[in-house]
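Colleague: Below is one structure. I have some questions about it.
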Amino acid sequence: MHTLATAPAAGRSWADLDDFQAFIDAGGMVEPGDDMPPEYRDEVFRFIEFHANSELMGGLTERDWIPHAPGLRLKQVFLAKTQDEIGHAHLLYMVAADMSVKTRTEMLEDLFAGRSRFHNVFHYQAVTWADQIAIAYLVDAAAFASQRAVFAECTYGPYKRVLKRIVAEEGFHMRHGEEMLLRLATGTGTQRAMFQEALNRWWWPAVQLFGPDSDPDDPLLRWKIKSQRNEDLRAAYVQKYVPLLHGYGFEIPDPELRQDDDGRWHAGPIDWEPLKATMRMGGPDSKRRIETAAQNWADTAWVRDALDRQGVGT
Amino acid sequence: MTYSAAVRDYLLAFADDEHLVGARHTSWIGLGPFLEEDLAFCSIAQDELGHAIGLYGLLLADVGELDTFALLRASQDYRSCWLAEIECRDWNDSLVRHWLYDRAEALRWEALAASPDADIAALAARAQREESFHLAHADQFMSRVAANDTSGRIVDSIRRLAPVAAGIWDATAAESDVLAEGFVTDSSADLAARWNDQIRADIARWGLAAEWSDAGVVAAQQHRTQRSEGFDAFHDDLQRVLSLDTAATW
């Protein structure tokens, strides 16, 4: 594993991809000033841009229920959590922009035009307060597991350094989700019924967040951006959350869920069509989510223009 | 601390203003004009809600649980001003409200910081530290945007919001008793005069072509007992979850 104390060494170059791979395999850390292979730059940039987009759109998913928070302190808490997500997007867009593939504005405009992607779960709408809790409990946990697996190795230095903070905050969000779920699980019949319905809506999207099985030669694994295969992360998630949810008395909406002789839980066959639909911007709430963001971006262009005239870049 | 009915009404007006303006500010989370501003405005919203919690907390010893009190009262029992209640759909309106409101808020905390009541003075001292950042944010943002706003949106927002903003200074019905008790020494009219001077100076400093007169308080607020158009929908939004099951702990 790399350490964050690794000194940035800029301006290095490699003879070819084999030479670069040897550097990665020896525990090397790539820095922005390095003459990294274009293949690596493109893959890592696309991955970080996807992560940044997902943080921003995650914030937009959570914002819908903040006005209805059932208490002032809860409103503060959910605001702070959503602010963290926007803050993560802010950090990640800066890291991605430093790779000189696209500027931050270009990334945002691609996102708002539907030209770039973000996580499947943020193409869904939270329809009750319990969905807000399901996002905090299920989605944040899935995101945390996924990001922690990237942080574990992550050969791109700037990304690893911001992930240290992001993973720490996401871990806090996950604990917050657990506390919020506990309130519903030990609450009134209304609350328990609300959460069961939310679980029915969010279980499969959360499981699908890890993506289909990794390709045998996934370059992100080969270049040690990812440290674990998608299917392994997904299996660990199912293994952890099925017994927890059963323990709270909730039912997992998977008729073919089974437990093997060793006590391990296995999800039934996964229908990947909903995930593919989100990647085509055809998810249940993709259109509204993108249109809201795009319209707002257009409506507030005058602010950015005014600051540009002042010489304050945004 | 047991407060007189007059002081309770006076503090409730400020608490409701802080609560509702904070709640309105939250509508920009994720939709700020750029990411840095998104983060800053969200922090301001959290601070205002925190101020509301502090003020409600002073009133609640014999009133009841915070969230029920803050969210489930009948609309006629709120004492908010209309500037805090209204929806600002455009960023320019929200920015101008932020500037006008925080200018006034700082003066209100300053007055409370001088109160002989130790609890409110301590709360005010804490809020003043946060308020200095809110004022700096409003000043820096307005000074930069206003000078370069070729669209005229800022000036339009000032013209549109000025009459509503003056309602901040609509005193609660028994404010004279609050002054007579010595809880505060500055009346709303005193603070309004200073606020008008500050607003006029800001407009001049930023070179805005907006006339500012010492507009009178909105009579229709009737000492903050009347709610603005659109309040009921806002109130329904605020209490949507809490009212689902009042026996529940959320």
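Colleague: Please go through the range A:79-115 and give me each residue that is more than 12 Å from residue A:59 (Cβ to Cβ) and charged (D, E, K, R), ordered by number.
Modeller: The answer is A:98, A:102, A:104, A:106, A:109, A:110, A:115.
Colleague: Can you find a residue in the range A:39-59 that is under 21 Å from residue A:224 (Cα atoms) and without any contact (Cβ under 8 Å) to a residue 40 or more places away in the chain?
Modeller: Yes, the conditions are met somewhere in the range A:39-59.
Colleague: Let me ask something else about it. Out of B:38, B:17, B:9, report the one residue that is touching a Lys or Arg at 6+ places or on another chain (Cβ under 7 Å) and either among the charged types (D, E, K, R) or outside any helix (DSSP H, G or I) (or both).
Modeller: On inspection, the qualifying residue turns out to be B:9.
Colleague: Next question, about the same structure. Determine whether residue A:110 is more than 30 Å from residue A:27 (Cα to Cα), away from chain B (no Cβ under 14 Å) and open to solvent by 10 Å² or more (accessible area, probe 1.4 Å).
Modeller: When the stated conditions are applied, residue A:110 passes them.
Colleague: Tell me, which residue of the range B:225-245 that is part of a loop (DSSP other than H, G, I, E, B) and open to solvent by 60 Å² or more (accessible area, probe 1.4 Å) is nearest to the other protein chains (Cβ to nearest Cβ)?
Modeller: B:240
Colleague: Got a sec? Which helices (runs of 4 or more DSSP H) wholly within the range A:263-314 have at least 2 residues that are within 11 Å of another protein chain (Cβ to nearest Cβ)?
Modeller: So the answer is A:286-299, A:301-310.
Colleague: Let me ask something else about it. Quick one: how many residues across the range B:191-213 are surrounded by 12 or more Cβ atoms within 10 Å (Cβ to Cβ) and in contact (Cβ under 8 Å) with a residue 24 or more places away in the chain?
Modeller: Result for the range B:191-213: 13.
Colleague: Restricting to the range A:79-107, name every residue that is open to solvent by 10 Å² or more (accessible area, probe 1.4 Å), over 30 Å from residue B:47 (Cβ atoms) and of a type outside the set (Gly, Ala, Ser).
Modeller: A:98, A:101, A:102, A:103, A:106
Colleague: Scan (1) hydrophobic (A, V, I, L, M, F, W, C); (2) within 19 Å of residue B:224 (Cβ to Cβ); (3) surrounded by 15 or more Cβ atoms within 10 Å (Cβ to Cβ) for the single condition residue B:135 breaks and write down its number.
Modeller: With respect to (1) hydrophobic (A, V, I, L, M, F, W, C); (2) within 19 Å of residue B:224 (Cβ to Cβ); (3) surrounded by 15 or more Cβ atoms within 10 Å (Cβ to Cβ), residue B:135 is out only on (2).
Colleague: Quick one: would you say residue B:11 is under 30 Å from residue A:93 (Cα atoms) and of a type outside the set (D, E, K, R)?
Modeller: Here the answer is no, as residue B:11 does not meet what is asked.
Yes or no, residue by residue, for (1) in a loop (DSSP other than H, G, I, E, B); (2) in contact (Cβ under 8 Å) with a residue 60 or more places away in the chain; (3) surrounded by fewer than 19 Cβ atoms within 10 Å (Cβ to Cβ); (4) of a type in the set (Ser, Thr, Tyr):
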{"position": "A:77", "(1), (2), (3), (4)": "no, yes, yes, no"}
{"position": "A:118", "(1), (2), (3), (4)": "yes, yes, no, no"}
{"position": "A:126", "(1), (2), (3), (4)": "yes, yes, no, no"}
{"position": "A:131", "(1), (2), (3), (4)": "no, yes, no, no"}
{"position": "A:144", "(1), (2), (3), (4)": "no, no, no, no"}
{"position": "A:164", "(1), (2), (3), (4)": "no, yes, yes, no"}
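Colleague: Still on this structure, please answer the following. Among the candidates A:198, A:193, which residue alone is buried (at least 21 other Cβ atoms within 10 Å of the Cβ), part of a helix (DSSP H, G or I) and small (Gly, Ala, Ser)?
Modeller: A:198
Colleague: Tell me yes or no: at least one residue of the range A:15-27 is of a type in the set (A, V, I, L, M), within 14 Å of another protein chain (Cβ to nearest Cβ), on the phi < 0 side of the Ramachandran plot and in contact (Cβ under 8 Å) with a residue 12 or more places away in the chain.
Modeller: no
Colleague: May I pose another question? Got at least one residue in the range B:172-181 being open to solvent by 10 Å² or more (accessible area, probe 1.4 Å) and out of contact with any Ser or Thr (no Cβ under 9 Å at 6 or more places or on another chain)?
Modeller: Yes, the range B:172-181 contains at least one residue that is open to solvent by 10 Å² or more (accessible area, probe 1.4 Å) and out of contact with any Ser or Thr (no Cβ under 9 Å at 6 or more places or on another chain).
Colleague: So which helices (runs of 4 or more DSSP H) are wholly in the range B:41-113 and hold at least 2 residues that are out of contact with any strand residue (DSSP E or B) (no Cβ under 7 Å at 6 or more places or on another chain), within 14 Å of chain A (Cβ to nearest Cβ) and farther than 27 Å from residue A:296 by Cβ?
Modeller: Hits in the range B:41-113: B:66-72.
Colleague: What number of residues within the range A:13-31 are open to solvent by 50 Å² or more (accessible area, probe 1.4 Å) and either under 21 Å from residue A:152 (Cβ atoms) or not in a helix (DSSP H, G or I) (or both)?
Modeller: 6
The values are calculated or read from the model by the stated rules, or taken from the named source; none is laboratory data. Keep in mind the model is a prediction, meaning the values are calculated, not measured. Here the Cβ is made from the backbone with ideal geometry for all residues, glycine too, and neighbour counts use every protein chain on show. All accessible areas refer to the heavy atoms of the entire protein, side chains included, with ligands and DNA or RNA removed. Shrake-Rupley method; radii C 1.70, N 1.55, O 1.52, S 1.80 Å.
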